[in-house]
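Report on one structure; see the data block that follows.
All of the numbers you see were taken from the coordinates with simple rules; none came from a lab. Just so it is clear, the model here is predicted, and its values are computed rather than measured. Here the Cβ is made from the backbone with ideal geometry for all residues, glycine too, and neighbour counts use every protein chain on show.
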Amino acid sequence: MELFWTVLVLGLLTEAVVETLKLIWDEQKRKLSWSALCSLAVGIAVALSAHVSVFELLDIVHAAPQWIGCLITGILISRGSSFLHDLWKRINSYAAEK
């Protein structure tokens with residue numbers, strides 16, 4: 001059953017990362033959103049320099065190098081604290097069910 005919750009959380013994280021990356025391209029203006037791109041770069045730089053990985057924070061064991069977890073964490077960080085708070089609440093609600 002623990003594997004099920006891990007897969008569920010990974011799916012949630014994947015959705016969050018994809019939705020964040022979609023913000024870089026403004027489809028209506030057909031150009032890059034420089035503010036979203038700068039936010040993304042800063043979030044990734046902060047996570048890499050602090051060696052923070054969402055996988056380690058959630059005790060998800062994986063064989064990938066740590067920088068991949070830091071990269072994903074940086075993408076999530078780039079969305080700001082309210083986004084992370086909402087994401088954390090969703091993850092905790094799933095964890096409370098297990």
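Couple of notes before you dig in:
- Label-point separation, His62 to Glu27 (7 Å along Cα→Cβ), nm: 2.6
- Phi angles of the range 23-34 translate, via the Karplus equation with coefficients 6.51, -1.76, 1.60 and θ = phi - 60°, into HN-Hα couplings of 6, 5, 9, 8, 5, 5, 8, 6, 8, 5, 8, 5 Hz per residue; Gly and Pro are given as x.
- Nonlocal amide H pairs with Trp25, under 5 Å, H built at 1.01 Å: Ser33
- Largest GNM mean-square fluctuation among Gly74, Gly11, Gly43, using the chain with Cα springs under 10 Å: Gly11.
- In the chain, helical runs assigned H by DSSP with n ≥ 4 each contribute -39500 (n - 2.57); averaged across all residues and rounded to the nearest 500, the mean residue ellipticity at 222 nm is -23500 deg cm²/dmol.
- Other residues whose C-beta falls under 15 angstrom from the C-beta of Ser33 contribute a net charge of +2, scoring Lys and Arg +1 and Asp and Glu -1.
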